[in-house]
Amino acid sequence: MPEQTNIKVIVRVRPYNQRETEQNQRCIIKVMDGSSLLFDPDEEDDEFFFQGAKQQYRDISKRTNKKLSMEFDRVYDTDRTNEDLFMECTAPLVDAVLDGYNCSVFVYGATGAGKTYTMLGSENSPGLTFLTMRDLFEKIQSQQDIRKFDVGVSYLEVYNEQVMNLLTKSGPLKLREDSNGVVVSGLVLQPIYSADELLHMLRLGNSNRTQHPTDSNAESSRSHAIFQVHIRITDHNTGAKRSVKLSMIDLAGSERAASTKGLGMRFKEGASINKSLLALGNCINKLADGLKHIPYRDSNLTRILKDSLGGNCRTLMVANVSMSSLTYEDTYNTLKYASRAKKI
Ligand code: ADP
Ligand code: MG
């Protein structure tokens, strides 16, 4: 029997924003069904898509249509909600965590593609972190007569390869390796007794991010935010203990460093974002390929997440894209990254 992969890759397409609606552009993603899409479809498909509204202008520098048909574990079209993603993708991870598996959820994509919307959501539509944490506490509550749960939380930011504690606004913190794996020096977990406390920590950490996470300007999202819930589970009968982690990671924007105008600080930011994203991609590809040596050491992001990737861990990668031709390159690169992660 082929070994089942523990990495799920899903694509989420966001609706057009105002700029995209106003400008002349075309749709470069056609969701075919729940698990496949067509990237850069034919004009005919476009016409069909726009119900006959012919596009007057097409950027011929974008060459002939690629018409790439791609498969993922799931593809979420613009009408799907955070609640849908939660029910189908992260609620099962909560069960896995309580069964003793470390789990991680990554949102990947260019700035503006919908990562933070997916993770944090909006006023009316809470994101995956909120929905998943609420579910976690409900499930913990329902099991308390058989097992004891000690919950702690940490919220770290990796910015320019420096590790900051978002809950205490301190750092940079050093990483060191010991027999249990990678340890973030000086990191004290905040004990948590309710979902509300946990969500309070999430909000506190968000307010301490280098750029506020919902800030929509293009300069934002150059940091990786790693929200981790650490749970020690003690069986009342046997006294057996085990520790598990659930990690939710809002990755930095994946747009290339080359597109970063200007040099100096910003160039450095771009370069190190790519270093961590590249390292993460390499690790995930190697895991998906079933290789033994995984280059966790190549970046601080992958070092911190070493025990949450591969092995018995369950990983969900959400690739966020826009379907507008205005973001053609970003979307193409994101889909390539995502399909490499899916390759087995
Ligand atoms: P990122 O974090 O990838 O830079 P954001 O999550 O901030 O991108 O999304 C950019 C903008 O698009 C925000 O205004 C956000 O509210 C909106 N948006 C993103 N995804 C969706 C979606 N699925 N439905 C509605 N609005 C969305
Ligand atoms: Mg963001």
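A quick yes/no check of all residues on (1) within 16 Å of ligand 2 (Cβ to nearest atom); (2) surrounded by 14 or more Cβ atoms within 10 Å (Cβ to Cβ); (3) modelled with pLDDT of 60 or more; (4) assigned to a helix (DSSP H, G or I):
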| position | (1), (2), (3), (4) |
| --- | --- |
| Ile233 | no, yes, yes, no |
| Asn237 | no, no, yes, no |
| Ser247 | no, yes, yes, no |
| Ser254 | yes, yes, yes, no |
| Ala258 | no, no, no, yes |
| Gly262 | no, no, no, no |
| Glu269 | yes, yes, no, yes |
| Leu277 | yes, yes, yes, yes |
| Cys283 | no, yes, yes, yes |
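Scanning region 131-153 for residues that are under 20 Å from Thr210 (Cβ atoms), more than 16 Å from ligand 2 (Cβ to nearest atom), part of a loop (DSSP other than H, G, I, E, B) and modelled with pLDDT of 95 or more turns up nothing. Checked against the criterion of being more than 19 Å from the chain's Cα centre (by Cα) and under 26 Å from Val9 (Cβ atoms), the candidates Lys169, Lys174, Lys139, Lys115 yield just one match: Lys139.
Number of residues in region 309-324 that are surrounded by fewer than 24 Cβ atoms within 10 Å (Cβ to Cβ) and outside any loop (DSSP other than H, G, I, E, B): the value is 3. Within region 87-117, the residues that satisfy the criterion of being within 13 Å of ligand 1 (Cβ to nearest atom) and crowded, with 23+ Cβ neighbours inside 10 Å are Phe106, Val107, Tyr108, Gly109, Ala110, Gly112, Ala113, Lys115, Thr116.
Only one entry in Ser216, Ser179 is among the hydroxyl-bearing types (Ser, Thr, Tyr), more than 18 Å from the chain's Cα centre (by Cα) and modelled with pLDDT under 90, namely Ser179. Filtering region 285-295 to residues that are part of a helix (DSSP H, G or I), touching a residue at least 40 places away in the same chain (Cβ under 8 Å) and out of contact with any Lys or Arg (no Cβ under 8 Å at 6 or more places or on another chain) leaves only Leu287. Among the numbered conditions (1) within 12 Å of ligand 1 (Cβ to nearest atom); (2) at pLDDT 95 or above; (3) of a type outside the set (S, T, N, Q), the only one that Gly121 does not meet is (2). Evaluated against (1) in a loop (DSSP other than H, G, I, E, B); (2) within 16 Å of ligand 2 (Cβ to nearest atom); (3) at pLDDT 90 or above, Val158 falls short on exactly one condition, (1). Figure legend. Inter-residue proximity from region 228-242: first residues free of Cβ contacts under 8 Å to residues at least 24 places away in the same chain, second residues basic (Lys, Arg) and not in a loop (DSSP other than H, G, I, E, B), beta-carbon distance below 8 Å, spacing 6+ or different chains. Indicated pairs: Lys241/Arg232.
Which residues, counting only those in region 286-329, are in contact with a Leu (Cβ under 9 Å, 6 or more places away or on another chain) and of a type in the set (Phe, Trp, Tyr)? Within region 286-329, Tyr296 is the sole residue that qualifies.
Among the residues of region 296-308, those that are over 22 Å from Val94 (Cβ atoms), in a helix (DSSP H, G or I) and polar (S, T, N, Q) comprise Asn300, Thr302. Would you check if there is a residue in region 138-160 being within 16 Å of ligand 1 (Cβ to nearest atom) and out of contact with any helix residue (DSSP H, G or I) (no Cβ under 7 Å at 6 or more places or on another chain)? Looking for residues that are within 16 Å of ligand 1 (Cβ to nearest atom) and out of contact with any helix residue (DSSP H, G or I) (no Cβ under 7 Å at 6 or more places or on another chain), one finds at least one in region 138-160, hence yes.
Have a look at Leu167, Leu189, Leu120 and point out the one that is touching a residue at least 24 places away in the same chain (Cβ under 8 Å), surrounded by fewer than 17 Cβ atoms within 10 Å (Cβ to Cβ) and in contact with a Gly (Cβ under 6 Å, 6 or more places away or on another chain). From the options Leu167, Leu189, Leu120, the qualifying one is Leu189. As a summary of the residue check, Ile60 satisfies the conditions (1) at pLDDT below 95; (2) aliphatic (A, V, I, L, M); (3) within 15 Å of ligand 1 (Cβ to nearest atom) except for the one numbered (3).
Identify the residue in region 142-161 that is of a type in the set (S, T, N, Q) and exposed (fewer than 15 other Cβ atoms within 10 Å of the Cβ) and, among all such residues, is farthest from the chain's Cα centre (by Cα).
Gln144
Among the residues of region 145-185, those that are in contact with a His (Cβ under 9 Å, 6 or more places away or on another chain) and over 19 Å from Leu251 (Cα atoms) comprise Asp145, Ile146, Arg147, Lys148, Asp150, Val151, Gly152.
The values are calculated or read from the model by the stated rules, or taken from the named source; none is laboratory data. It should be emphasised that the depicted structure is a prediction, and the values quoted were computed from it without experimental measurement. Virtual Cβ from ideal backbone geometry, glycine too; neighbours counted across all protein chains shown.
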